[in-house]
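Colleague: Structure provided below as structure tokens; questions to follow.
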Amino acid sequence: MVLWFAALLGVVQGLTEFIPVSSSAHLRLVAAWLGQPDAGAAYTAVLQLGTLLAVITYFAKDLWALAGAVMRNPTGEQARLVWKLGLASVPLALAGISLESYITGDLRRLEIVASALLVVGFLLIVIDRRGGADRSAAALTWTDVLLIGCAQAAALVPGVSRSGSTICMALLLGMSRVEAARFSFLLSIPAVAGSGAFELRAAVGQIQAMGGNPVPALVLGTVISGVVGYASIAWFLRWLGTRPMAVFGIYRMALGALVLAALAVGWLHNEPASDTRAQSHVKNAPPTAAAP
């Protein structure tokens, strides 16, 4: 993988991980539009380790408070939030393990990415217009957090958006936009840590297959995604304090429609579905040279 492309993917990951537009979809589409090979689901998961560091840094005080609460009183109200985050992570883990071959293969086809952008974009507009309430994370029941966890598992499909699906479910359960986003970001910690660690070896193999030393590409992309991701969290939480999320739904639907149109006229196309790297290129684009 050429380093400029690794850096670009880091920027895209950082910008789109925490806003409800789907970072995996944008990473997939950037590669397609630029005629670059798809870096794959594994590299996407490892890039998220940078944004994991961003969310840990941004919510460091909250995390220290939660850790202290667990040590002082494991059954207390504040400590229960930690157990709820753990329970909400179970559906993602189960789905990720059982559906791994689809996640790294057919689900990365551009038709599916575009369709997911459209469907979740529409839901985002409708649910955001309906609005949430003022329910806190502490008020969520065990059933509620399982529902949010199932919404997070749906985001294994590129184009769904982990933050988008979990925030939408939290809004349906009566949380405010800011509180829903905060819970979603905290929930990303076990999810991203687990998937990133699990996929690290596969990501190295994918980058080696694309050509070049995998270490610089992994380090560069991850560091950049962390720096940009921190700024993205701060910006998005400020946005949610005063403005609706419907604009992201409109953007998603426009992007999904554009991708479907590009596929229909042949500007974009998929490689055969049997290719687990799900490489996609702009039609008639010259072949990309492997990195030295």
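The values are calculated or read from the model by the stated rules, or taken from the named source; none is laboratory data. Computed from a predicted model, the values in this text were never measured in an experiment. Cβ placement follows ideal geometry from the backbone for every residue including glycine, while neighbour counts extend to all protein chains displayed.
Colleague: Looking at (1) more than 21 Å from the chain's Cα centre (by Cα); (2) more than 19 Å from GLY149 (Cβ to Cβ); (3) at pLDDT 95 or above, which is the one condition that is false for ALA69?
Modeller: (3)
Colleague: Looking at region 261-279 only, could you name the residues that are touching a helix residue (DSSP H, G or I) at 6+ places or on another chain (Cβ under 6 Å), at pLDDT 50 or above and either surrounded by fewer than 18 Cβ atoms within 10 Å (Cβ to Cβ) or of a type in the set (S, T, N, Q) (or both)?
Modeller: Scanning region 261-279 gives a single hit, ASN270.
Colleague: Same structure again: Within region 67-103, how many residues turn out to be in contact (Cβ under 8 Å) with a residue 40 or more places away in the chain, part of a helix (DSSP H, G or I) and either among the hydrophobic types (A, V, I, L, M, F, W, C) or in contact with a Ser or Thr (Cβ under 6 Å, 6 or more places away or on another chain) (or both)?
Modeller: Total satisfying the criteria: 10.
Colleague: Look through ALA42, ALA54, ALA138 and report the one residue that is touching a residue at least 24 places away in the same chain (Cβ under 8 Å), within 26 Å of GLY249 (Cβ to Cβ), part of a helix (DSSP H, G or I) and not β-branched (Val, Ile, Thr).
Modeller: Testing whether each residue is touching a residue at least 24 places away in the same chain (Cβ under 8 Å), within 26 Å of GLY249 (Cβ to Cβ), part of a helix (DSSP H, G or I) and not β-branched (Val, Ile, Thr) leaves just ALA54.
Colleague: Among the residues of region 29-66, which ones are modelled with pLDDT under 95 and among the polar types (S, T, N, Q)?
Modeller: Those that are modelled with pLDDT under 95 and among the polar types (S, T, N, Q): GLN36, THR44, GLN48, THR51.
Colleague: Here is a list of conditions, (1) among the aromatic types (Phe, Trp, Tyr); (2) surrounded by fewer than 18 Cβ atoms within 10 Å (Cβ to Cβ); (3) under 29 Å from TRP235 (Cα atoms), and TYR43 meets all of them except one; can you say which number that is?
Modeller: (2)
Colleague: Collect the residues in region 239-260 that are charged (D, E, K, R) and modelled with pLDDT of 95 or more, keeping them in residue-number order.
Modeller: Once the filter is applied, which keeps residues that are charged (D, E, K, R) and modelled with pLDDT of 95 or more, region 239-260 yields only ARG252.
Colleague: Exactly one of (1) modelled with pLDDT of 95 or more; (2) in a loop (DSSP other than H, G, I, E, B) is unmet by ALA116. Its number?
Modeller: ALA116 satisfies all of (1) modelled with pLDDT of 95 or more; (2) in a loop (DSSP other than H, G, I, E, B) except (2).
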